[in-house]
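Below you'll find the structure, written out as structure tokens, and then a few comments.
The values are calculated or read from the model by the stated rules, or taken from the named source; none is laboratory data. Note that the structure is predicted; figures quoted are calculated from it, not measured. Counting neighbours? That spans all protein chains shown, and the Cβs are built from the backbone with ideal geometry, glycine included. For the accessible areas, the whole protein counts, side chains as well, though only heavy atoms, and no ligand, DNA or RNA atoms are used. Shrake-Rupley method; radii C 1.70, N 1.55, O 1.52, S 1.80 Å.
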Amino acid sequence: MKFTLGWLKEHLETTADIDTISEKLTAIGLEVEEIIDRTQEFEGLIVADVVECGKHPDADRLNICTVDTGSEKLQVVCGAPNVRKGLRICFAPVGACIPAWPKEENILKKGVIRGQESNGMCCSEAELCLSDEANGIMELDTDVPAGTPFALAMGFDDPIIDIALTPNRADCAGIRGIARDLAAAGVGTLKPLTVKPVNGTFKSPVGTKLDFAAGNKHACPYFAGRAIRGVKNGTSPKWMQDRLIAAGLRPISTLVDITNYICLEYNRPLHVFDIAKLDGNITIRMGKGETFLALNEKEYVTDENDIVVADNKKILAMGGVMGGEECGASAETQDVYIEVAYFDPDHVRVSGAKHQITSEARYRFERGVDPAFPVTATELTTNLIMELCGGEPSEMVIAGAEPEWQRIIEFETDYVAQLSGVDVAVNEQISILETLGFKVEKKGEVSLSLIPPSWRGDVEGRADIVEEIIRIYGYDKVPSLSVRNDSSVMKSAFSPEKKRTADMIRLLASRGMNEAVTWSFTDEKTFVDFSFADKKKVKIANPLSSDWDTMRHSIMGNLLQGAQRNASRSILCGSMFEVGPVFFGQSPDEQPEMMAGLRYGSQTLKGWNTTQRGYNVFDAKADVAVLLSLAGLNPDNIPISTDAPSWYHPGRSGVFRLGKNVIAVFGEIHPALCEKYDLDMPVCGFEVFVDNLPAVKVKATATKPKLELSFLQPVNRDFAFVMASDVPANKLVRAAESADKKLISSVRLFDVYQGKGVEDGKKSMAITVTLQPFDTTLTDAEIEGVSQKIIANVEKQTGGTLRG
């Protein structure tokens, strides 16, 4: 938001200088981004008079001029077609800087042009960066003495203030709102807004109707307007043009400039229509698919979500966003109709974003303008048009009614200290609020009943009131207090469980797996393939697309899709994993963390000295085993069941459980899913439910226990057992280990056989048992005794018998 200091002082009675005002603006939340001193841009340039002008003897298009600078007369060679005797110009003497020239070469030097000395330059508007007009020098209409600095003569000595507005401060998108805040902060007094009522002399030839369905009347509940006939639309006065240019707007014509001026001064966008270009009365309604040519010379197709201003045949404007090209004021305009409406911020925001239109009107309407201001704005605009363009006003046209904006906020004055830590006297709180436009009714010693002003739609509750009081009172008065607590040690946010997860990630990376990051949502088909029947399905209310409308139950589907994409690009082997949440409900405790991994293709590349082997269930089991070991568990002591989810191979998968909790699933991916995802290769994977792992035990000491090694030789014994074919090998190993836990150090399966010599429905499994004594060497009798225990234990737990 840009404005000049002089413009601000038309609403603020103050003697404060620019630095004081700038400092206070930032202090009250209107951060000053830049103060532009335009006198520096035109430093060295002066007002001068052309007192003599004649043809150059050696050039048809050049003139030799004598320029009076007030202190001396200089010869200047000029090629402008409009240069002549008696012309008042902007003159750049030798040594001055030309604004439009590059900085490294913008210092003017004395020159010789076609044999004639030139001691300066007559400047055009383009060379001064005031407009694009380069066909001729700038002609000045000012009565200041020759030699007066150009910036001073043009009124460019008025500094420009550029502030950054937060989205909630729509009221300060108008200069009067800024002045109001400064007055409340003690930098002067807000001047009263004098609005001269205009008595219409005839009935408006144009009427206005608000045509909205019952549920959509809030789109535009209030309209005020007026016709003015017999206006003369020319060039706006210099003071208005200067202020608009300072604010970053281009002057167009008096009528258009007036609407922009009112918009910037009072935060009230409005429009004037050329009555001669209207067809019947004006209706404000929702769009019906009509095409609309906007002021930016682009066409837009409106729909039922756009507010439009229309006559009987065409769209005149998109309400709150941008006016139309077809009905705008021009040099020939004689009769105009002023349109001042209140448009719903949400509708304006949606329309502007949908059509990608950026405008001053949209900027203000979508943040919320004053809903009680249309009539006042109409009177202000009428007075300004009659002053600058003449004309005869009609009676005012009103449609709809002022929307309900009043709201009462019950406020306790001691809440300021409670929320901000600053004690502000009750009388000072009341004074601040009343200066800001609040209606204050005192109901007790500390109780106030407040009605925020109509232009402050952002004030909704007690916290907003405290913010208003404190920002005006002064954030610099908030006491500085230490937030350190030297009596205790801060608890690390990196919990032992988080550290364990990080260690598990590093472990998988060290095993040759690449970490993947995928979306937490998936499509319906993938969800069906990788979902738990006993868990709730979580749908997304506003998905990014229809393909991502469901929150995942498992990460495995995301990884399998990643493998599919890789395989389609001829990357036929790989290993990846991901850590992230899965979603069994909407509450945080229904969104556990999962660590999932996938391996596909062959372990090694094809080579003359290597044998290719595809990944299988044991690779996935090995990955899970090292993760569980890192978590402090012994995977050999955890029972494994075969009830893995449906996306695993039913005969080549397993589930690790601790009690009723599933801590990990592993196995080969079901062949049907591999075929569905175009993976013609071995694929295996695992899923670890990180939240189901036991809590990390904090050790009393970080010292490792002493390593106990035996000086005695171990003894290996082989056993082969025949048992039912459905008995898992793990059950045999665990049965052998439990025979003598002190003496048996390891049990390893080395052979499984079914066929000749073994009856149908049976299988033979062979194990090697290692006995490790610590005290004395084992005797044959002791070895035989342990062997008999192993045989008995296996027979009892598995039903197996020693193979003869």
What is the one condition in (1) of a type outside the set (Lys, Arg); (2) over 43 Å from the mean Cα position of the chain (by Cα); (3) crowded, with 17+ Cβ neighbours inside 10 Å; (4) closer than 24 Å to residue 505 by Cα that residue 637 does not satisfy?
-> (3)
Residue check: is residue 552 in contact with a strand residue (DSSP E or B) (Cβ under 7 Å, 6 or more places away or on another chain), surrounded by fewer than 21 Cβ atoms within 10 Å (Cβ to Cβ) and more than 20 Å from residue 509 (Cβ to Cβ)?
-> no
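Which of the following residues is of a type in the set (A, V, I, L, M) and within 44 Å of the chain's Cα centre (by Cα): 98, 137, 89, 107?
Details: 137 fails: within 44 Å of the chain's Cα centre (by Cα); 89 fails: within 44 Å of the chain's Cα centre (by Cα); 107 fails: within 44 Å of the chain's Cα centre (by Cα).
98 is the lone residue from the list that is of a type in the set (A, V, I, L, M) and within 44 Å of the chain's Cα centre (by Cα).
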Assigned to a loop (DSSP other than H, G, I, E, B) and open to solvent by less than 40 Å² (accessible area, probe 1.4 Å), is that true of residue 289?
-> no
Please give the number of the condition residue 171 fails out of (1) of a type in the set (Asp, Glu); (2) surrounded by fewer than 19 Cβ atoms within 10 Å (Cβ to Cβ); (3) touching a residue at least 24 places away in the same chain (Cβ under 8 Å).
-> (2)
Do you know which of the residues in the stretch 76-107 that are within 24 Å of residue 152 (Cβ to Cβ) and of a type in the set (Val, Ile, Thr) is most open to solvent (accessible area, probe 1.4 Å)?
-> 107
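With the condition being aromatic (Phe, Trp, Tyr), surrounded by fewer than 12 Cβ atoms within 10 Å (Cβ to Cβ) and over 59 Å from the mean Cα position of the chain (by Cα), I'd like the strands (runs of 3 or more DSSP E) fully within the stretch 660-779 carrying at least 1 qualifying residues. Don't jump to the end; show me each part of the working.
Values: elements: 661-669, 683-689, 715-724, 744-753, 762-771.
Strands (runs of 3 or more DSSP E) meeting the threshold: 744-753.
I need a count of the residues in the stretch 242-255 that are assigned to a helix (DSSP H, G or I) and farther than 12 Å from residue 388 by Cβ. It would help to see each step written out before you state the result.
First, pick out the residues of the stretch 242-255 that are assigned to a helix (DSSP H, G or I): 242-246, 254-255.
Now narrow it down to the ones that are farther than 12 Å from residue 388 by Cβ: 242-246.
Here the count works out to 5.
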Pull up the stretch 460-488, narrow it to residues that are closer than 24 Å to residue 25 by Cα and open to solvent by 100 Å² or more (accessible area, probe 1.4 Å), then point me to the one that is modelled with the lowest pLDDT.
-> 480
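If a residue must be in a loop (DSSP other than H, G, I, E, B) and either touching a residue at least 60 places away in the same chain (Cβ under 8 Å) or in contact with a helix residue (DSSP H, G or I) (Cβ under 8 Å, 6 or more places away or on another chain) (or both), how many such residues does the stretch 583-607 contain? Spell out how you get there, then give the answer.
Step one: of the stretch 583-607, the residues in a loop (DSSP other than H, G, I, E, B) are 583-587, 591-592, 601, 603-607.
From what is left, the residues that are either touching a residue at least 60 places away in the same chain (Cβ under 8 Å) or in contact with a helix residue (DSSP H, G or I) (Cβ under 8 Å, 6 or more places away or on another chain) (or both) are 583-584, 592, 601, 603.
Of the residues in that region, 5 qualify.
Look at residue 320 and say whether it is assigned to a loop (DSSP other than H, G, I, E, B), modelled with pLDDT under 95, of a type in the set (Gly, Ala, Ser) and more than 33 Å from the chain's Cα centre (by Cα).
Working: assigned to a loop (DSSP other than H, G, I, E, B): yes; modelled with pLDDT under 95: yes; of a type in the set (Gly, Ala, Ser): yes; more than 33 Å from the chain's Cα centre (by Cα): no.
It is false that residue 320 is assigned to a loop (DSSP other than H, G, I, E, B), modelled with pLDDT under 95, of a type in the set (Gly, Ala, Ser) and more than 33 Å from the chain's Cα centre (by Cα).
Can you tell me which residue among 197, 167 is modelled with pLDDT under 95 and over 19 Å from residue 471 (Cβ atoms)?
Details: 167 fails: over 19 Å from residue 471 (Cβ atoms).
Only one candidate qualifies: 197.
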Looking at the stretch 9-31, is at least one residue farther than 30 Å from residue 433 by Cα and assigned to a strand (DSSP E or B)?
-> no
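Would you call residue 392 more than 21 Å from residue 277 (Cβ to Cβ) and open to solvent by 20 Å² or more (accessible area, probe 1.4 Å)? Lay out the reasoning, then the answer.
Values: more than 21 Å from residue 277 (Cβ to Cβ): no; open to solvent by 20 Å² or more (accessible area, probe 1.4 Å): yes.
Criteria not met by residue 392.
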Of the residues in the stretch 593-611 that are open to solvent by less than 90 Å² (accessible area, probe 1.4 Å) and over 49 Å from the mean Cα position of the chain (by Cα), the one that is modelled with the lowest pLDDT is 610
Qualifying residues in the stretch 608-645 (those that are without any contact (Cβ under 8 Å) to a residue 60 or more places away in the chain and of a type in the set (Ser, Thr, Tyr)) - the one nearest to residue 557 (Cα to Cα) = 641
Do you know which residues across the stretch 489-501 are modelled with pLDDT of 65 or more, open to solvent by 70 Å² or more (accessible area, probe 1.4 Å) and either among the β-branched types (Val, Ile, Thr) or farther than 22 Å from residue 687 by Cβ (or both)?
-> 491, 492, 493, 494
All-but-one check, residue 160 against (1) within 30 Å of residue 70 (Cβ to Cβ); (2) out of contact with any helix residue (DSSP H, G or I) (no Cβ under 8 Å at 6 or more places or on another chain); (3) open to solvent by less than 30 Å² (accessible area, probe 1.4 Å), failing number (2)
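Residue-by-condition table, conditions (1) more than 28 Å from residue 368 (Cα to Cα); (2) touching a strand residue (DSSP E or B) at 6+ places or on another chain (Cβ under 8 Å):
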position: 457; (1), (2): no, no
position: 462; (1), (2): no, yes
position: 472; (1), (2): no, no
position: 507; (1), (2): yes, no
position: 515; (1), (2): yes, yes
position: 533; (1), (2): yes, no
position: 538; (1), (2): yes, yes
Which members of the stretch 151-205 meet the condition of being under 22 Å from residue 378 (Cβ atoms) and under 35 Å from the mean Cα position of the chain (by Cα)?
-> 170, 171, 173, 174, 175, 176, 177, 179, 180
Would you mind finding the one in 563, 533, 541 that is modelled with pLDDT of 90 or more and of a type outside the set (Asp, Glu)?
-> 563
Considering the stretch 331-354 alone, what residues qualify as being touching a Lys or Arg at 6+ places or on another chain (Cβ under 9 Å), open to solvent by 30 Å² or more (accessible area, probe 1.4 Å) and in contact (Cβ under 8 Å) with a residue 40 or more places away in the chain?
-> 334, 335
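Would the stretch 418-430 turn up any residue that is among the polar types (S, T, N, Q), closer than 30 Å to residue 223 by Cα and open to solvent by 60 Å² or more (accessible area, probe 1.4 Å)?
Just the residues of the stretch 418-430 that are among the polar types (S, T, N, Q), to begin with: 418, 420, 427, 429.
Retained after the next criterion (residues that are closer than 30 Å to residue 223 by Cα): none.
Taking every residue of the stretch 418-430 in turn, none turns out to be among the polar types (S, T, N, Q), closer than 30 Å to residue 223 by Cα and open to solvent by 60 Å² or more (accessible area, probe 1.4 Å).
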Only listed residue being more than 30 Å from residue 230 (Cα to Cα), assigned to a helix (DSSP H, G or I) and open to solvent by less than 60 Å² (accessible area, probe 1.4 Å), chosen from 364, 456 = 364
